[in-house]
Amino acid sequence: MAKFKGFLFGLFLVGSIALNIFFLTNNLYAGYVNKQQLSWSQRAAAEAEAVASVSCSGHGITYLDGLFLDGKPVCECNSCYGGPTCSHFLPDCVANADSGDPLFLEPFWMQHAESSALLVAGWHRMSYGFADQSSMSQVLQNHILKVHSISRNAITKGKYLVFGAGSTQLLSAAVFALSLNSSSLARVVAASPYYPVYKTQTDFFETAHFEFQGDALLMKRSSNSTGNVIEFVTSPNNPDGLLRKAVLQGSSVNAIYDHAYYWPHFTAIPAPADEDVMIFTISKLTGHAGSRFGWALVKDEVVYLNMLKYMQLAELGVSRDTQLRALQLLKVVLEGDGREIFHFAYEKMRDRWENISQIVSLSKRYTIQDIPPQYCNFFEKVRGPSPAYVWLKCEREEDTNCNAVLRGANIIGRLGSLFNASDRYVRLSLLKRDDDFNLLLYRLKELVSKEGGAETL
């Protein structure tokens, strides 16, 4: 019996030693492999961390591709700030509210620095196409469909996906594709006020197949909408933030719905959009305008194939690096319940609109657009406005150039005539950084407080 116990003890001892050797060997091997796996990326990661750690006093930022001085990254200062660390405020600076740069989302991505970071191998996707010979990432397509499902802003079933270099390129591709539907000239229109690029881009690429012919409202009034017509419909509209439907109807009329701003942070989503051609952009979803990535949801297969043809001829599809970054950003958007970015962005845009509205309500000289509260399919309740832009009007008879009036108050906006509207209107962007918005708010307060008979702010 004693011999048997001794045998068992020896067996357990040998087994224990063997297991310890096994785990120790595997841990050492795993550590070795991990070290090897991180060997080529450590330098790039260290460089990115070093640049990101540079302080610019909260009024600037440094970039990997920015300027370096004596081996150190140079701060790129926000508007109206200067100095080596952007700590010097320029008191006479102009509040520039012209650009639609969606930098208001910068803080969100700084809060998600780790999960949104991307390190790309030098040999990543060197081929013209993916393994399936396509130019579009299937994984990215799946993520886009999930984002639409969560935001409840579009019906994707029965639609084809087309990638483009931002919505701008997709707008052109859609005009090209739809103009091939008829042997006659396609007349391209949009209801005023409309986004200026519709005219400038269509004019620039004008062919024997299409030309821009102005205001859809004028065409409707003239009852001259026969023949092939393509109507741009921006919903919500740029510049006034109002939800829109096509003005023109008929079998020969095709609409391109520009839904760049049809996200819960810019508008109520009364129902998911379900038009034949719908265009979206990551620019206004995540704020990454510089990445130049957008997509179209297209119902008709022939139109889809012609848009793909346009993209292939233009640039053999969207950059694989761009698609990779878009995928990483959408992974962050979809974290948790996928609603965080929409709540963050909505609250910021709502607060900005309310602050502007409060100031302008005290004025007898200026008014802004009225956007009524509406039920939102995403928030599942009635919600107030949170538009990307203020569409401000100078009400005094003598103020025929509202932009000039604002320039006198150190405010830069975008002329109403650029949107095929009166110059009594000016578009003011609410999309920029907090520094920019706060200065705009301050300049508007100054302007309104100088009105004769205006209430004290």
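The values are calculated or read from the model by the stated rules, or taken from the named source; none is laboratory data. Worth saying up front: this structure is predicted, and the values here are computed from it rather than measured. Positions of Cβ are backbone-derived with ideal geometry, glycine not excepted, and every protein chain shown enters the neighbour counts. When the accessible area is computed, the model is the full protein with side chains, heavy atoms only, and any ligands, DNA or RNA have been set aside. Shrake-Rupley method; radii C 1.70, N 1.55, O 1.52, S 1.80 Å.
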(message) Need the failing condition index for VAL303 against (1) outside any loop (DSSP other than H, G, I, E, B); (2) under 14 Å from the mean Cα position of the chain (by Cα), just the number.
(response) (2)
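Hey, could you check segment 127-147 for residues that are outside any loop (DSSP other than H, G, I, E, B) and not β-branched (Val, Ile, Thr) and say which is farthest from the chain's Cα centre (by Cα)?
Among residues in segment 127-147 that are outside any loop (DSSP other than H, G, I, E, B) and not β-branched (Val, Ile, Thr), the one farthest from the chain's Cα centre (by Cα) is GLN138.
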(request) Tell me which of these HIS259 doesn't satisfy, since it passes every other one: (1) at positive phi; (2) touching a strand residue (DSSP E or B) at 6+ places or on another chain (Cβ under 7 Å); (3) buried (at least 21 other Cβ atoms within 10 Å of the Cβ). (result) (1)
(request) Return yes when GLY227 is assigned to a loop (DSSP other than H, G, I, E, B), in contact with a strand residue (DSSP E or B) (Cβ under 7 Å, 6 or more places away or on another chain) and at pLDDT below 90 and no when it is not. (result) yes
(request) Considering only segment 94-105, state which residues are open to solvent by less than 40 Å² (accessible area, probe 1.4 Å) and modelled with pLDDT of 95 or more. (result) ALA95, ALA97, PRO102, PHE104, LEU105
(request) Scan segment 276-307 for residues that are out of contact with any helix residue (DSSP H, G or I) (no Cβ under 7 Å at 6 or more places or on another chain), surrounded by fewer than 22 Cβ atoms within 10 Å (Cβ to Cβ) and among the hydrophobic types (A, V, I, L, M, F, W, C) and jot them down. (result) VAL302, LEU305
(message) Can you tell me which residue is most open to solvent (accessible area, probe 1.4 Å) among those in segment 340-369 that are farther than 22 Å from LYS284 by Cα and in a loop (DSSP other than H, G, I, E, B)?
(response) LYS364
(message) I need the strands (runs of 3 or more DSSP E) fully contained in segment 148-223, keeping only those with at least 2 residues that are in contact (Cβ under 8 Å) with a residue 60 or more places away in the chain and open to solvent by 20 Å² or more (accessible area, probe 1.4 Å).
(response) none
(request) State whether one or more residues within segment 43-66 are open to solvent by 100 Å² or more (accessible area, probe 1.4 Å) and either under 30 Å from ILE411 (Cα atoms) or among the polar types (S, T, N, Q) (or both). (result) no
(request) Name every residue in segment 98-147 that is under 30 Å from SER53 (Cβ atoms), among the aliphatic types (A, V, I, L, M) and in contact (Cβ under 8 Å) with a residue 24 or more places away in the chain, in order of residue number. (result) LEU103, LEU105, ALA113, ALA117, LEU118, LEU119, VAL120, ALA121
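Kindly check whether there is at least one residue in segment 99-112 that is assigned to a loop (DSSP other than H, G, I, E, B), in contact with a Leu (Cβ under 9 Å, 6 or more places away or on another chain) and of a type in the set (D, E, K, R).
Checked segment 99-112: at least one residue is assigned to a loop (DSSP other than H, G, I, E, B), in contact with a Leu (Cβ under 9 Å, 6 or more places away or on another chain) and of a type in the set (D, E, K, R).
Look through segment 67-76, keep the residues that are open to solvent by 50 Å² or more (accessible area, probe 1.4 Å) and in contact (Cβ under 8 Å) with a residue 12 or more places away in the chain, and return whichever of them is nearest to TYR425 (Cα to Cα).
So, considering only residues that are open to solvent by 50 Å² or more (accessible area, probe 1.4 Å) and in contact (Cβ under 8 Å) with a residue 12 or more places away in the chain, the one nearest to TYR425 (Cα to Cα) is GLU76.
Of the residues that make up segment 382-392, is at least one outside any loop (DSSP other than H, G, I, E, B), at pLDDT 95 or above and in contact with a helix residue (DSSP H, G or I) (Cβ under 6 Å, 6 or more places away or on another chain)?
yes
Residue-wise test of (1) open to solvent by less than 30 Å² (accessible area, probe 1.4 Å); (2) among the aliphatic types (A, V, I, L, M).
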{"position": "TYR375", "(1), (2)": "no, no"}
{"position": "LYS381", "(1), (2)": "no, no"}
{"position": "GLY384", "(1), (2)": "yes, no"}
{"position": "TRP391", "(1), (2)": "yes, no"}
{"position": "ALA409", "(1), (2)": "yes, yes"}
{"position": "GLY413", "(1), (2)": "yes, no"}
{"position": "ASN420", "(1), (2)": "no, no"}
{"position": "ASP423", "(1), (2)": "no, no"}
{"position": "SER429", "(1), (2)": "yes, no"}
